[in-house]
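I am attaching a structure below and will ask some questions about it afterwards.
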Amino acid sequence: MDYKIRLAEVLSEILNNSTVSIQFLTQIIKKAKKNIDADFAINCFALKKNLKQDGLEIAKEIHKSFSSNFLNQNPFIQTVLIDGPYLNFKFNKIIIANEVMVQIFKDVNSYASSNFKKREKPERIVIEYPAPNTNKPLHLGHIRYMLLGQTLSIFTQCAKNEVFQVNLLNDRGIHICKSMWAYVKYGENKTPKSENQKSDHFVGYYYIKFAQEESRLKKYAQKNINFLEYELKKSPEYQNIDRIQELRKTIDRSKYGILQKELKDMLIAWEEEDKKVRNLWRKMNDWAENGFNQTFETFKIHHDKTYIESNIYKKGKKIVENGIKKGIFEKLDDGAVIINFNKKKLPKRKVLIRKDGTSLYITQDLHLAYQKMEDFNYNKSIYVIGNEQDMQLRVLFEILNKLGMKADNIHYSYGMINLISGKMKSREGTVVDADDIVEELKLLAMGEVKKRYSNLSKNEMEKRAMVIALASLRFFIIKYDYSRDFVFDPKKSLEFEGETGPYILYSYARICSIFKKAMEKNIKTPYDPIEDNITEILKIENLSLLENEHEFNLIELLYSYPDIIVNSVKQMKPHVLARYLYELAQEFTGFYHSCPIIKENPKLRNLRLLLCESIRRVLKHGLGLLTIDVLTEM
């Protein structure tokens, strides 16, 4: 039900020129300027090249074609006004209102997706997120990671694509050994169960313990570390080699140096598959992973496949060896393997294999890309990763391109999320864990629920509080353009006024309240909020009774919903939908305060009840795409 396309079809019929396609006309038809009483406009100078005529003359000829008889044949066009080379088209809002409501009532899912172009074959798209390290719990930054990946997956499915959500557990390396080292020193065989602590939080406690111990010991060696760094910054010919060696020995003999050696020894023992170290590693990784899964469940995150770094980190070497044979990579005399670049925004070279034969993250990433291709045979692979990894992903995609991988690789480069208190740092313990922020929001929401409905059962209060908490968190994060940095304010996210999740939930609940009041007076409604059932749909009639500005604004917003979905999906920008839902809720509030419903005469009352139901269905559908549940009472 795209009236822009229908207008293009009408204009194509009038012009009857093979050089002017419907697709071309769709491109040059634009939204009318706000100061003009019209819906769409076309600048006829855009047709000058095709029709070999002046734009003013073209506009006049087209305008003549819109006779009363022609408009009767195309009733969705109400008026056509000429302004120099511009033609301004105003649509018949009554006809549009009827079609919009009919389509929404028939199937809101189909209506939302109605403006996507039909494809013979859907794309196969892999979306990777959130790829956490198994040495600490998921934090607020991961929440943005998860919500963007999840929403992107749902959006992509809206366009009738096959979507595969995958995760990568970074479960090896020096950072994982830090939690293990601290557990050996301080753990005393404690377990999450013995400490009554969520398992990933238990592991994270020891990561912070290590960081605190490392920071404490580093202070005593800091003076020599500074001297060493100063000496190494000098040009090689001015460096005092004896001084450098002596400083290194002094640092290595310090308690800080001994700590670093113990850490490296643990990593070497892990790589040599020392049984004791491997058993501890497996135990702590299991704790972390079990905790992650509980958090994923809270956010309704489900992956089609999870890759484990320790299973794949060595496997990229074969790809590198094949690249050497093809002349794509270069093996140096010292044994290191590199790739050279000659492109802007790329380094001059990138090491793929160290001279000691060990692989780097980029080598693992190469294997994972091919593994995902083998598993899912994808057309497109989307990496939901923060913007601090921009260079790493540019390098990876360029290498995959040189290796001949025929797929579209996209870095969904999102900005950072910070706290009011400043930037989050795991090692300093200033990170807000995902579970803790949900619990804090739930407690704040519980206060609001108790104020409004003190007679509810404890279970019902907790259920509503959780819905409000997650809605506030999801909406506050998603409403920002994914590429932007922003500051998260828990209290602001929970406000019932302004651009927040609770405000939109409240608008939804207000519609349900209207239906409840109508039912109490034995007035038929299109929805029963008590039973959560669609009831008998009232007949759509008497649309000419619509005359309030808010009513027409709501119809226009409902009409634009399929376009919003297309734009959100194509641009991969969930905030476009979030802002739309806020605008719809805001316009409904204006309608609610200026247009009586229950007390109106039956004809107008039924019409406004149907309009409310249309809004309710679109709000619920849109919030569902953002994985936000609704409440019929707040």
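The values are calculated or read from the model by the stated rules, or taken from the named source; none is laboratory data. Note that the structure is predicted; figures quoted are calculated from it, not measured. Don't worry about glycine lacking a Cβ; one is built from the backbone with ideal geometry, like all the others, and counts go over all protein chains shown. These area figures cover heavy atoms from the full protein model, side chains too; ligands, DNA and RNA do not enter into them. Shrake-Rupley method; radii C 1.70, N 1.55, O 1.52, S 1.80 Å.
As an exercise: evaluate Asp265 against (1) charged (D, E, K, R); (2) assigned to a helix (DSSP H, G or I); (3) farther than 30 Å from Ile225 by Cβ and give the number of the one condition it does not meet.
(3)
Which of the residues belonging to the stretch 147-197 are under 28 Å from the mean Cα position of the chain (by Cα), not acidic (Asp, Glu) and not in a helix (DSSP H, G or I)?
Ala159, Lys160, Asn161, Val163, Phe164, Gln165, Val166, Asn167, Leu168, Leu169, Asn170, Arg172
Considering only residues that are of a type outside the set (S, T, N, Q) and either farther than 21 Å from Val432 by Cβ or open to solvent by 20 Å² or more (accessible area, probe 1.4 Å) (or both), which ones fall in the stretch 183-206?
Correct list: Tyr183, Val184, Lys185, Tyr186, Gly187, Glu188, Lys190, Lys193, Glu195, Lys198, His201, Tyr205.
Could you please let me know if Val100 is within 32 Å of the chain's Cα centre (by Cα) and open to solvent by less than 30 Å² (accessible area, probe 1.4 Å)?
yes
Do you know which residues across the stretch 301-341 are touching a Lys or Arg at 6+ places or on another chain (Cβ under 8 Å) and exposed (fewer than 14 other Cβ atoms within 10 Å of the Cβ)?
Leu332, Asp334, Gly335, Asn340
Which of the residues spanning the stretch 270-282 are surrounded by fewer than 18 Cβ atoms within 10 Å (Cβ to Cβ) and part of a helix (DSSP H, G or I)?
Glu271, Lys275, Lys276, Arg278, Asn279, Arg282
Just give me the residues in the stretch 475-523 being assigned to a helix (DSSP H, G or I) and of a type in the set (A, V, I, L, M), in sequence order.
Ile477, Ile478, Ile504, Leu505, Ala509, Ile511, Ile514, Ala518, Met519
Just give me the residues in the stretch 376-392 being more than 17 Å from the chain's Cα centre (by Cα), more than 30 Å from Asn418 (Cα to Cα) and open to solvent by 30 Å² or more (accessible area, probe 1.4 Å), in sequence order.
Asn377, Asn379
If you don't mind, another one. Output yes when any residue across the stretch 183-206 is free of Cβ contacts under 8 Å to residues at least 12 places away in the same chain and under 27 Å from Glu388 (Cα atoms), and no when none is.
There is at least one residue in the stretch 183-206 that is free of Cβ contacts under 8 Å to residues at least 12 places away in the same chain and under 27 Å from Glu388 (Cα atoms).
Filter the stretch 1-35 down to residues that are among the hydroxyl-bearing types (Ser, Thr, Tyr) and more than 21 Å from Pro85 (Cβ to Cβ) and give me whichever is most open to solvent (accessible area, probe 1.4 Å).
So, considering only residues that are among the hydroxyl-bearing types (Ser, Thr, Tyr) and more than 21 Å from Pro85 (Cβ to Cβ), the one most open to solvent (accessible area, probe 1.4 Å) is Ser18.
Additional query: In the list Ile312, Ile324, Ile353, which residue meets the criterion of being over 24 Å from Glu271 (Cα atoms) and of a type outside the set (Phe, Trp, Tyr)?
Going through Ile312, Ile324, Ile353 in turn, the sole match is Ile324.
As an exercise: evaluate Val126 against (1) touching a Phe, Trp or Tyr at 6+ places or on another chain (Cβ under 6 Å); (2) more than 19 Å from Gln389 (Cβ to Cβ); (3) crowded, with 21+ Cβ neighbours inside 10 Å and give the number of the one condition it does not meet.
(2)
Under 9 Å between Cβ atoms, at least 6 apart or on separate chains: pull out the pairs that start in the stretch 546-564 with a residue that is acidic (Asp, Glu) and end on any residue that is open to solvent by less than 10 Å² (accessible area, probe 1.4 Å) and assigned to a helix (DSSP H, G or I).
Glu551/Ala97; Glu551/Phe591; Glu551/Leu607; Glu551/Leu611
For residues in the stretch 590-629 being in contact (Cβ under 8 Å) with a residue 40 or more places away in the chain, of a type in the set (Lys, Arg) and open to solvent by 20 Å² or more (accessible area, probe 1.4 Å), which is farthest from Leu554 (Cα to Cα)?
Lys603
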